[in-house]
Each structure stands twice: as C-alpha cells, then as structure tokens.
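See below for the structure under consideration.
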Amino acid sequence: MARETTKCLIIGSGPAGYTAAIYAARAGLNPILYQGAQPGGQLTLTSEVENYPGYPDGVQGPQMMMDFQRQAERFGTQVRSGVVTKVDFSGYPHKAIVDDEYLIEAYAVIISTGASAKWLGLPAEQRLNGRGVSACAVCDGYFYRGKDVAVVGGGDTAAEEATYLSKLCRKVYMLIRRGEMRASKIMQERVFKTPNIEIFWHTETVDILGENQVEAVRIRNLKTNQITDLVVQGFFVAIGHQPNTAIFKDFIEMDENGYIRTRPGSTHTNVEGVFAAGDVQDHVYRQAVTAAGTGCMAALDAERFLAAKGLH
C-alpha cells in the first residue's frame, strides 16, 4: 500500500474543513485535505446563502464552497478527492486510509466530516431540495416570509424550527406521525402557544408536489387513511441529523448521538493530536459561520500542538 506522511491531515471539506485548511496552510503546515463523499458538504445542497458575512448580495452554496476551496489552495493546501475509509489513532503518528488503498500518516488530524440531515426518503425531497425543500429553517426560513410552510417531525428540532418559522411565515403546519410530541415540555408549550402553528397528529407525508418548486404536500391521516393535499410553499424536514463519525468510533469519545466531544473552549478531542471542527461536534448551531469559526480554532490548536511537540 502506497503511503505518505504529512504534518496536518484534514478529513472533510465544507466551511470547517476549508477554513482549517486556510489557517493551517498560512501557518506553514502544508495541510492535505480530503474532500470526502460530498465535496463542499451540506452547503452544496443549498441554493441561496444570504446569512454568511462578506456576501452582501447572497451567494449560491456550491459557488461559496468553490470560493473557500480556491482560497485554501491559494495558500498551498493540497485539496484531494477521496474518502477516508478507516483510521487508526492508537499509535503516533496517526494513520488514515483513503479509499481503502492509500495510507497517510499525520502528526495532527482535523476531523471536519460534518453531519448529514436525515430525510424521509421521498424522491421529491432530492428533486426539490433548494426549491422549497430544506432541512434548516435558520438557513432558509427568510425565503418564506409571509408564506405557508410545513415542518415534519415531533422532536425538539422540529419544535424549534416551527417556532422560528412562525415568526416569518403566515402559517406553519407541523406534521407528526404520533398522537404526541417527543419534544421537551418547554418546547411543546412554545409550539402550543404560537397561534399560527397548526399541528396535524397521526400524519405521515406521502409526497411533495410541484414541478420546479414546492406547491403542496400530500399527507395521510394514519387513523382514517384519508389523503389530503396541503398547499404550502416550503417543506422543512426536521427529523434530526446524523454526524458522519462512524469510522472514528473506536478511538474518539462521542456523545449518545454520535457527535464528537471536544474539550470545552477548544477543538481538542480525547486523542492527543486529533481535533474536531464544524457540525461533526456541534449539534446546537449547525451554521456555516460557526463551522468556519471552529475550523479556524482547530487549525490554531493543531499548530500549537505541533509546535509544543517540536514538529513545527
């Protein structure tokens, strides 16, 4: 198996990975970044991004990630396609295998593999993604001011998304499969007290209607089997996110949902020389700008770690 050694390996692209790469490259760490299965991360599935500083007229998500990548490469980052399929953090330097066939040894590793939204599995979800279908109310809610939207889910995430959207939208329909919400009591109370949120209990989503834009959502009442087409312009899936951390589980400490635990106020994981940035360790904010912030932190932490080791 071919092998190579690097001071700094960044696993995953997106705002966290690319920002880490910019800082690491400018610090002379000559980082190697592997983009992973979805180069650019979740933002490549987003059409318009209006809430990232520096883009006063907004920017398309894929274009924004290309800008990040270009900036990282400008300072000498080696951005490579490929997926890290296995890691071994039991010794030092740390080892990572790319596409099951190439070994990289690294003295510092930054994990920025992100988290993926959980979807219902409807074909229309992907077809209309960015055209009325979203998994992030904070990211996209602004586009639906004064409109009617639906939110799928009954947990804290769904309750939070619905109450956020209620401040912008004319009407918010919550579609919940059970006869009760899984959300915490305080979140449920907020939902119940919000006059423009209407809950459909015992309801499943059958289809999302619309050719080029969401026009309605087809729902079924699980008790009566009645099918209804609910006219909405936005459809928000809020059934949770799955952090992309499976390959690290034997070495890295995680919470009960698989998010990487980092030392408070830093990006240090429980393994010396391994750092985590972005949505892979943040289930609270999940924004491009916060991911970029932790990417910066991870690069600075890695640089200081390597300097203390006499490796930089």
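No lab work stands behind these numbers, since they all come straight from the coordinates. All values reported here derive from a predicted model rather than from experimental measurement. With ideal geometry, Cβ positions are generated from the backbone for all residues, glycine too; neighbour counts draw on all protein chains shown.
How much net charge surrounds GLY82 when only the other residues with a Cβ under 12 Å from the Cβ of GLY82 are counted, with Lys and Arg +1 and Asp and Glu -1?
With Lys, Arg at +1 and Asp, Glu at -1, the net is -2.
For TYR285 and ALA37, FRET efficiency with R0 = 22 Å and r from the beta-carbon atoms, rounded to 0.05?
0.40
Could you tell me which Cys residues in the chain have no other cysteine's Cβ under 4.7 Å from their own Cβ, answering none if every one has a partner?
Within the chain, the cysteines lacking a partner Cβ under 4.7 Å are CYS8, CYS169, CYS296.
Going by how many other beta carbons lie within 10 Å of each one, how would you line up TYR259, TYR55, TYR285, fewest first?
TYR285, TYR55, TYR259
What's the angle, to the nearest 10 degrees (0 to 90), between helix 14-26's Cα axis and the longest principal axis of the chain?
Approximately 20 degrees, to the nearest ten.
Lys/Arg Cβ at +1, Asp/Glu Cβ at -1, dipole of the chain taken about the Cα centre: which of ILE219, GLY295, PRO39 is farthest positive-ward?
So the residue we want is ILE219.
Taking θ = phi - 60°, what integer Hz values does the Karplus form 6.51 cos²θ - 1.76 cosθ + 1.60 yield along region 188-205, in sequence order, with x for Gly and Pro?
These are the phi-based 3J(HN,Hα) values: 4, 4, 4, 5, 5, 7, 8, x, 9, 9, 10, 9, 9, 7, 6, 10, 10, 8 Hz.
Give the order of GLU211, GLU50 when sorted by the count of other beta carbons within 10 angstrom, beginning with the fewest.
The order, fewest Cβ neighbours first, is GLU211, GLU50.
On a 0 to 90° scale, report how tilted helix 288-308 is relative to the longest principal axis of the chain, with both axes built from alpha carbons and the result rounded to the nearest 10.
20
Express the relative contact order of region 119-237 as a whole percentage, based on alpha carbon pairs under 8 Å and six or more residues apart in sequence.
31 percent.
Report the Cα centroid-to-centroid distance between region 61-102 and region 142-178 in angstrom, as an integer.
Spelled out, the Cα-based centre of one part sits 36 Å from the other.
At R0 = 30 Å, how high is the FRET efficiency between ASP88 and GLU256 if r is their beta carbon distance? Nearest 0.05 is fine.
Plugging the Cβ-Cβ distance into 1/(1 + (r/R0)^6) gives 0.75.
Label points 7 Å out from Cα along the Cβ direction at GLU73 and ASN51: separation in nm?
With each label placed 7 Å out from Cα toward Cβ, I get 3.0 nm.
Just need the relative contact order of the chain here, percent rounded to a whole number, with Cα pairs under 8 Å and 6+ apart.
21
What is the gain in length, in nm to one decimal, between ASN225 and ASP99 on full extension, counting 0.36 nm per residue of separation less the C-alpha to C-alpha distance?
Contour length minus Cα-Cα distance gives 40.7 nm.
Rounded to the nearest 10 degrees, what's the angle between the helix 156-166 long axis and the longest principal axis of the chain, both from Cα atoms, 0 to 90?
60
Pop the C-beta distance of ARG218 and TRP119 into the FRET formula with R0 = 22 Å and round what comes out to the nearest 0.05.
With R0 = 22 Å, the Cβ-Cβ based efficiency is 0.85.
Just rank ILE110, ILE104, ILE186, fewest to most, by other beta-carbon atoms within 10 angstrom.
Taking fewest neighbouring Cβ atoms as first place, the list is ILE186, ILE104, ILE110.
Among all the lysines, which ones have a C-alpha under 29 Å from LYS185's C-alpha, if same-chain residues fewer than 8 places away are not counted?
LYS118, LYS147, LYS167, LYS171, LYS193, LYS223
What nm value, rounded to one decimal, do you get for the distance between GLU211 and ASN270 when each label is placed 7 Å out toward the C-beta?
Here the modelled spin labels are 5.5 nm apart.
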